[in-house]
1. How far is the Cα center of region 401-416 from the Cα center of region 335-386, in Å?
2. What is the packing order of peptides 157-164, 247-254, taking the mean over residues of other C-beta atoms within 10 Å and listing the highest first?
3. What Kirkwood Rh does the chain have if only Cα atoms enter the pairwise 1/r average? Answer in Å.
4. What is the ratio of the Cα radius of gyration of region 7-134 to 2.2 N^0.38 Å, where N is its residue count, to two decimals?
5. Can you return the aspartates and glutamates within cross-link range of Lys396? Criterion is Cα-Cα under 13 Å, with same-chain partners fewer than 8 residues away left out.
6. Most exposed first by the Cβ proxy, i.e. fewest other Cβ within 10 Å, how do Cys364, Cys384 rank?
7. Go ahead and set up a Gaussian network model of the chain, Cα springs under 10 Å, then flag whichever of Ile305, Ile338, Ile203 fluctuates most.
8. In a GNM of the chain with a 10 Å cut-off on Cα contacts, which of Tyr102, Tyr329, Tyr284 has the highest mean-square fluctuation?
Amino acid sequence: MLAVTEKQILDDLNGYEFEELMVDVFRKMGYDDVKVSKKTGDKGRDIIMEGESGNVVVECKHQDKVGRPVVQKLHSAVSTFENCRKGIVATTGRLTNPAQEYADEVSGNGGEEIELVDGQDLREIGESIGLDLYSGKIEVICNESLGYPGQEEIKDRVTHELDDVENFTDNQIDSIDVEAAFIPSFCVDARIDSTFETSVGVISEVHERDKILFTAQRSGPSTMNEQVGGLVSQNLDGTREIDMDELGDEFSDAEIRRFGRTETEYQEWVVERERDRYSHTVRYTGDNNVTYTKECTPNKSDVEIRDVKPFYLPKIKSETSIKRYNYGYECYAAGNDILVDRNDLSQCVHCGSDQGTITFCENCGSLNCSSHIKTERLEKEPVCTGCAVTDQFFLKKKYFYTQQNRDEFQQIYQEMPLYKKPLENKPLTAGAILAILSVAIWMGLNAPLI
Ligand SMILES: [Zn+2]
Ligand SMILES: [Zn+2]
């Protein structure tokens, strides 16, 4: 079974459930005696626990924004609670600037300490203790993926890739491991309507409609290249829900990467990208017959986001083990289409060439181009230059599976009749015969006529 961490969507919890979850989080972080306690003189509850320097009071807020009053209230709780110098405000959303400033002020003067944990911090804490905590308040939560092939189909493709390899049969494959990674992605439909005017009137206009496809990883959004974009846009209508149980049965491992930012942040990125894209320089002549140049950049309000669709782009990675070698085969998937991104199964392990015939070396499991495969002298089977044991016979390098084979052939060579030995170096022998013939012909031509 696969080790996919169950994702915990904080948005699905109510306030009480969020507190219970935080009790678990703090326990895993190493705090002692963590418990939920009823607040005195208040309807709410707090988490009380033991830290390194005494008691800690925690205020949990399952909301979009936490302001200064919450932090202030916690500060006074810390001041009055026995043996307590530290308080934590934990929220699934964000903290306002005044809340942040207040906490900094209090913590700065060497007395009590107020720590603020927002949705972003919570995600990082979660990761450090093995919990996948998602908050829709700080990042996109999505469960839709483009269709993807199962591992049996990938295995078929892998074996099919090996069909044309010389000296190879499928039963040489030791194992094929198939993993899936789901890459957070977006399709955004944007419209740009910009008109640039000066005293002479309209000098330029932009009226465009774009479909922007990008991956949305934590390091930031990045536009899909043409090939991936093409694959995706043809199959965008066929999304399906990701089923964790099914993934566990289907692949040896599956990773669902995180979006990392909110939809609004991604939209802002698209607006800036479009403004950049349609920035241009215009030359025009003024009423005074002077030529001017003007930088025309669309305003933010010129870019209208019409449709936003988050989804996952599946990337399937397989590794085929054959003797001493592991071969990668990776592809992006969308519905019934795939785009191969890496294919070690069609190239030489020594030089990377995928030209001409590829031949399998049964001795080590390598795939080889014609210049990296030789004939084993003793057994007359293919052997690669990478694993062969070599020796010189009649000035010619010969290749062997093992030292044992080489020794055996050395014996045979020694016992060979003398006239047979030059055949171990055919080009040299042929050359020598040619040389003798040339001399004979030359002598014939130059022989005296009498
Ligand atoms: Zn090669
Ligand atoms: Zn080999």
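1. Comparing the Cα centres of region 401-416 and region 335-386, I get a distance of 27 Å.
2. Order by mean packing, descending: 247-254, 157-164.
3. Over the chain, the inverse of the mean reciprocal pair distance is 29.2 Å.
4. After normalising by residue count via 2.2 N^0.38 Å, the value is 0.98.
5. Glu424
6. With the sparsest Cβ surroundings first, the list reads Cys364, Cys384.
7. Ile203
8. Tyr284
Each reported figure results from applying straightforward, stated rules to the coordinates on display, with no laboratory input. All figures in this text were calculated on a predicted structure; none of them were measured in a lab. Heads up, the Cβs are rebuilt from the backbone with ideal geometry, glycines too, and the neighbour counts pull from every protein chain shown.
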